[in-house]
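Every read-out reported here was derived from the displayed coordinates using simple, explicitly stated rules and does not represent laboratory data. Predicted, not measured: the structure shown is a model, and the values here were computed from it. Cβ placement follows ideal geometry from the backbone for every residue including glycine, while neighbour counts extend to all protein chains displayed.
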């Protein structure tokens, strides 16, 4: 019994040690402790802090309009490059056609006919008759023989057979002759257009070398922008 009382007395000592009843300074609560227990907080802000301003960093972005303009510019460059490539391919094809054309013809040239005309007697009906013989000859840019004609080369070659010298140019050929009205026009007269010409074939038709891939043929005049020229008067 004495032992049990002693144990109880011993176990009770820590309680007194950690929560003493004494009010001495060594056991009193500090100011920091009291502040923590009360939960009170205070923050002091200096006057200088109130004058500080915060700004968003500057930035820029591409607008929808700018993106569209950039896309259009890129497409324009690509289109221009494609057009240039197509033009170069066309030029090379025309050069190749001219080489083939030049090598394939061994008959008389325009110069030969001007030196010795095949038809010294000149009249429009005869001119148109000779021109009609070349229907089916393929169009060749720069061509002026039966191996291949362009529009003015065709006219030049036919008229050379009658001793009439003409430039290899539709504009130049139009300037050589005399303009007449459509009512006066006869087969063998010239139909002059902007950058193109041929022989008047009657009834509003033209006999001409039309364009690459086509051949000399008769067809209706497709435009009202033309005039008639007669040579030899």
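Just a few scattered comments:
- Fraction of beta bridges assigned by DSSP in segment 155-233 that are antiparallel (%, nearest 5): 95
- Volume per residue that the Cα convex hull of segment 110-230 spans, once the total is divided by residue count, Å³: 92
- For 176, 164, 77, the sequence from fewest to most other C-beta atoms within 10 Å is 77, 176, 164.
- Segment 108-155: mean projected area of Cα convex hull, nm²: 3.4
- Footprinting exposure proxy for 67, 166 (fewest neighbouring C-beta atoms within 10 Å first): 67, 166
- Each residue in 226, 211, 134 was given a count of other beta-carbon atoms within 10 angstrom of its own, and listing them fewest first yields 211, 134, 226.
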